[in-house]
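One structure is given below, encoded as C-alpha cells.
The values are calculated or read from the model by the stated rules, or taken from the named source; none is laboratory data. Keep in mind the model is a prediction, meaning the values are calculated, not measured. As a convention, Cβ positions derive from the backbone with ideal geometry for all residues, glycine included, and neighbour counts pool all protein chains shown. Surface accessibility is based on the protein's heavy atoms, side chains included, excluding ligands, DNA and RNA. Shrake-Rupley method; radii C 1.70, N 1.55, O 1.52, S 1.80 Å.
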Amino acid sequence: MSLQTPDSVRRLQRALYVKAKNEPAYRFYLLYDKVCRDDVLTHAYRVSRAARGARTPGVDGVTFAAIEASGREAWLVGLKRALQDKTYRPDAVRRVLIPKPDGGERPLGIPTIRDRVVQTAVKLVLEPIFEADFDDSAYGYRPKRSAQDAVRVVHDALCDGYTEVVDADLSKYFDTIPHQELLQSVARRVVDRHVLHLLKMWLKTPIEEQNERGGRRMTGGKRSTRGTPQGGVISPLLANIYMHRFLRAWRERGKGAQYQARLINYADDFVILSRGHAAEALAWTRWAMTHLGLTLNETKTCLRHVQHESFDFLGYTFGWDRYRKDGHAYLAAKPSKKGIQRVKAAVRAVLRPGNQGAWPEVVARLNRTLRGWATYFSYGTRLMAYRAIDNYVYACARHFLRRRHKVPTRGTRTFPAEQVFGPLGVVRLRPLHVGPRSCTSA
C-alpha cells in the first residue's frame, strides 16, 4: 500500500536533500526535533500500519488494532513525550526464521510497533540526507529505484560488451556490519548526538528467539558489535549507508575505468561487469571487503563469461539464447529457474487440497500472486516462462476444482482451459509477454 507523504513532511525532506546535495561536507547537528514533530510521527505511524507484516506484533504483543481501540492520538502523544523526555528505550526484537528457496533459513527481526514507528520517523528524516550522497550504481531500498531498474542496467551493460562477470555474494551482510564503522559512516553526515544515540540503541537491542526446547532466549544486546536485524525499518537504510563506503571507494579510486567495468548493486547483492578485467576487479573487491570488515562467500562468488555461460541476478538469468523462429542468437534477460519454481510453490500453496475457501476468494488470492510475479518479471524474454506457468496453473486449478466437485475423471472436459482462464476468472500470463527488444548478436 502506498501512502501520500504530507506536504509538510515532503517540504522538510526536500530541504534536507537540497542542503545535503549543495554542501557535500555539511554535517547535520539539529535533527532530533524533526523526528519528534507531530506530522512526522503521524506519517510514520501510517506508513508502519500500511507496511507488509503490520499485523504481526513484537515481543509486547501490541497490535495496531489495540492501539486504534485505545486511542491512536493519545498513543502518539505518549510516544512523542517519551522521545522529548529522552525516556524512550527500544524493546527486544522478536526473531523468526523464514525458509529460503535454497533450503536454508533467513532470520527476520520483528520490532514492536512502538519501535517501528520511531524507526520510520528517523528514516523519514535521515533518508533524504544520505540519498544526496548515494551512488547511482545502488538500487536497493531507495526511493524511485527498483530491482527492475538494476536488471535493465545489467542487461544494457552486457549488450554494450561488458560480458566478463564478477558474480559476487556477501556472507551474511546484514549480520556482520561492524557497528563502530557503521556509526562512523553515519557521523560523516549526522552529528546530532540524540539521533546517533537512537541508532546505537537499535543496534544494541537484544534479540528474543526460541531455543531448541521451544523456550525463549536472549542474544545480542549491549555486547553485540556487529549486525543490524533484518526486518527492522531502519536496517535497509543503515545497510545502504555502509555499502556506500565500498561503492564510493570504487568510484573515487577510478576502478570503473581501470577495470573497464560497471558495478551494479542492490542491497547486499552486486555484480561487476567488465571488458576483460573481471579477475582484477574481483581481487580488488576481496581486498576492499576485508578492509570493511566484510567477507565474500567464496563458495558462491565466481567469475563468469556470458559468451559461454549464464548467471543469475535479482531473480533473472542473463545469457545467450536463440529466437525460436529463425535461431538467431541474442543476449537474453529472462526469469530464472528459481524464480519460476518460487511462483509454482506459491500457486501450490493457494491451491492446496485443504483450502476450503470460496472459489472467488481462492481465485482472488491466486491472481494476486500471479500478477505480482508477472509485474516483477515484466522485462526481457518471458514467453516460455509465462507459458510454463500458465500450464502449471491450469493443471493445479483443474485438480483443485476436480477434487472440490468430486469429478471422477481428470477434469479436462469438465474444466477446460478456456473455462478456467475465462468464466472461472484465473488470470493468464501468456498474453502479457510482449516486452522490450533484447539485444542481438552482431
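When you restrict to C-alpha pairs under 8 Å that are six or more residues apart and normalise by the size of the stretch 24-109, the relative contact order lands at 21 percent.
Of all lysines in the structure, those lying under 16 Å Cα to Cα from LYS200, and not within fewer than 8 positions of it along the same chain, are LYS86, LYS123, LYS222. Accessible surface computed residue by residue for the chain, with neighbouring protein chains in place and a 1.4 Å probe, gives 51 Å² per residue.
The sum of -39500 (n - 2.57) across all DSSP H runs of n ≥ 4, divided by the residue count of the chain, sets its helix-only mean residue ellipticity at 222 nm to -14000 deg cm²/dmol. Taking the Cα centre of the chain as reference, the dipole from Cβ charges on Lys and Arg (+1) and Asp and Glu (-1) amounts to some 1320 debye. Within the stretch 1-94, the chymotrypsin sites (Phe, Trp or Tyr not before Pro) that combine a DSSP coil assignment with at most 13 other C-beta atoms in a 10 angstrom radius are TYR26, TYR29. Cα centroids of the stretch 1-37 and the stretch 115-130: 10 Å apart.
Within the accessible surface of the stretch 251-326, defined with a 1.4 Å probe on protein heavy atoms only, the carbon and sulfur portion equals 47 percent. Considering only alpha-carbon pairs that sit under 8 angstrom and 6 or more positions apart, the relative contact order computed for the stretch 347-429 is 38 percent.
In the stretch 1-94, a dipole from Cβ-located charges (positive for Lys and Arg, negative for Asp and Glu) runs towards its positive end, and of LEU79, ALA44, LEU30 it is LEU30 whose Cα lies farthest in that direction.
Every Cα-Cα pair of the stretch 255-341 was included, and the share exceeding 21 Å stands at 39 percent. Annotation: peptides 306-318, 350-362, 230-242, ranked by per-residue average of other Cβ atoms within 10 Å with the highest first, follow the order 230-242, 306-318, 350-362. Across the stretch 144-299, the relative contact order, built from alpha-carbon pairs under 8 Å that are at least six residues apart, equals 36 percent. With the gyration tensor restricted to C-alpha atoms of the stretch 194-321, the semi-axes of the equivalent ellipsoid amount to 35, 20, 13 Å, longest first.
Taking only protein heavy atoms and a 1.4 Å probe, the accessible area of the stretch 1-143 is 51% carbon and sulfur. Its Cα centre serving as origin, the stretch 7-92 has a Cβ charge dipole (Lys and Arg +1, Asp and Glu -1) of approximately 360 debye. Per-residue Karplus couplings for the stretch 348-357, computed as 6.51 cos²θ - 1.76 cosθ + 1.60 with θ equal to phi - 60°, are listed in order as 4, 5, 6, 9, 5, x, x, 6, 9, x Hz, Gly and Pro entered as x.
Using the Cα centre as the reference, give the magnitude of the dipole from point charges on the C-beta atoms of the stretch 273-428 (Lys, Arg: +1; Asp, Glu: -1; all else neutral), rounded to the nearest 20 debye.
Using only the charged Cβ atoms, the result is roughly 880 debye.
For Cα extents along the principal axes in Å, computed directly from the structure shown, the correct entry in [x] 89, 51, 39; [y] 71, 60, 49; [z] 91, 46, 39 is [y].
For the stretch 128-237, applying the loop criterion from DSSP together with a ceiling of 11 other beta carbons within 10 Å to the trypsin sites (Lys or Arg not before Pro) yields LYS144, ARG213, LYS222, ARG223.
The lysines whose alpha-carbon is closer than 26 Å to the alpha-carbon of LYS406, local same-chain residues fewer than 8 away aside, are LYS344. When only alpha carbons are used to place a centre, the stretch 168-185 and the stretch 222-288 end up 11 Å from one another.
Summing +1 for each Lys or Arg and -1 for each Asp or Glu among the other residues whose beta-carbon sits under 11 angstrom from that of LYS172 gives -1. Annotation: lysines with alpha-carbon distance below 22 angstrom to LYS338 (same-chain offsets under eight excluded): LYS100, LYS172, LYS300.
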